[in-house]
Amino acid sequence: MKKLCFLLFLVSVSIFSQNSIEADKKAILEVLNAQETAWNNYDIETFMEGYWKSEELKFYGAGGVVKGWQSTLERYKKSYPTKAHFGNLRFVFNDVSPINEGAYSVMGEYHLTREVGNTNGIFMLILKKMNGEWKVIADTSAKVN
């Protein structure tokens, strides 16, 4: 009887864990899809709501490491100064995986269709759940075209 109870316990923990991971993945993708929508509405401030508003935020791109939420916002504004530079963004999510409880990595692609020339790239994000919300705490992005 003890073995059966233990087995049932393990099965229930496994099911709860899988449900929790699926709920986390869904919530994370909602944040990233909201960013995509904000970008396509030429709304950088709403786009930036997906990022951790902290000086500890890190963005790593072709220009090197940018530290801090405000510096990341300024980098986006400089790199994408007009609506024509923003264009239409489409994300492709290739992998969403837990790192540990409350933190996930997301690997994917971005595709920008723009008047000033299309561009595509890859990214890897680290998201952390803070105060009940998922936030990007680190972003590595690179163009591939």
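The values are calculated or read from the model by the stated rules, or taken from the named source; none is laboratory data. What you see is a predicted model, and the numbers here were worked out from it, not measured in a lab. As a convention, Cβ positions derive from the backbone with ideal geometry for all residues, glycine included, and neighbour counts pool all protein chains shown. Ligands, DNA and RNA are stripped out before the accessible areas are found, and what is left, the full protein with its side chains, is counted by its heavy atoms. Shrake-Rupley method; radii C 1.70, N 1.55, O 1.52, S 1.80 Å.
How much accessible area per residue does the chain have, in Å², with a 1.4 Å probe? Before the final figure, lay out each step's value.
Numbers: 8980 Å² over 145 residues.
Here the per-residue accessible area is 62 Å².
For q = 0.08, 0.21 Å⁻¹, what log10 I(q)/I(0) does the chain give under the Debye formula with an equal point scatterer on each alpha carbon and no solvent?
These q points yield log10 I(q)/I(0) values of -0.27, -1.39.
Can you work out the Karplus-derived ³J(HN,Hα) for every residue in segment 104-116? Use 6.51 cos²θ - 1.76 cosθ + 1.60 with θ = phi - 60°, whole Hz, and x for glycine or proline.
9, 9, 10, 10, x, 10, 10, 10, 10, 9, 9, 5, 8
Pick from ALA103, ALA27, ALA62 the residue whose mean-square fluctuation is largest in a GNM of the chain, springs joining Cα atoms under 10 Å.
ALA62
Which entries of LYS83/LYS135; LYS83/LYS129; LYS25/LYS77; LYS78/LYS143; LYS83/LYS128 have Cα-Cα distances beyond 22 Å here? Walk me through the intermediate numbers first.
Working: LYS83/LYS135 25 Å; LYS83/LYS129 31 Å; LYS25/LYS77 29 Å; LYS78/LYS143 16 Å; LYS83/LYS128 30 Å.
Those over the limit are LYS83/LYS135; LYS83/LYS129; LYS25/LYS77; LYS83/LYS128.
Through the Karplus equation 6.51 cos²θ - 1.76 cosθ + 1.60, θ set to phi - 60°, convert the phi angles of segment 41-57 into ³J(HN,Hα) values in whole Hz; use x for Gly and Pro.
9, 6, 10, 5, 5, 5, 4, 6, 5, x, 9, 5, 7, 8, 6, 8, 4
Leaving ligands, DNA and RNA out of it, report the carbon-plus-sulfur percent of the accessible area of the chain at a 1.4 Å probe. Before the final figure, lay out each step's value.
Working: 5040 of 8980 Å².
With neighbouring chains kept in place, the figure for the chain is 56 percent.
Relative to the first principal axis of the alpha-carbon coordinates of the chain, what is the inclination of helix 2-40, with its axis defined by its Cα atoms, in degrees from 0 to 90 and to the nearest 10?
With rounding to tens, the tilt is 10 degrees.
Would you compute, from DSSP H runs of 4+ residues alone, the mean residue ellipticity of the chain at 222 nm, taking -39500 (n - 2.57) per run and dividing by the full residue count, rounded to the nearest 500?
Dividing the helical sum by the residues of the chain leaves -13000 deg cm²/dmol.
Relative to the longest principal Cα axis of the chain, at what angle does helix 69-79 sit, 0 to 90 degrees, rounded to 10?
It is inclined by approximately 40 degrees.
Could you check the spin-label model distance between ALA84 and GLU109? Points 7 Å from the Cα along Cα→Cβ, value in nm.
In this crude spin-label approximation the distance works out to 2.7 nm.
I'd like the distance between the alpha-carbon centres of segment 87-145 and segment 17-65, rounded to an integer number of Å.
Using only Cα atoms, the two centres lie 7 Å from each other.
Provide the per-residue ³J(HN,Hα) series for segment 85-96, in order, calculated from phi with Karplus coefficients 6.51, -1.76, 1.60 and θ = phi - 60°, each as a whole number of Hz, with x at glycine and proline positions.
6, 5, x, 10, 9, 9, 8, 10, 9, 9, 7, 10
If you stretched the chain out fully between LYS67 and ALA23, how much longer would it get, using 0.36 nm times the residue separation minus the C-alpha to C-alpha distance?
Gain in length upon complete extension: 12.9 nm.
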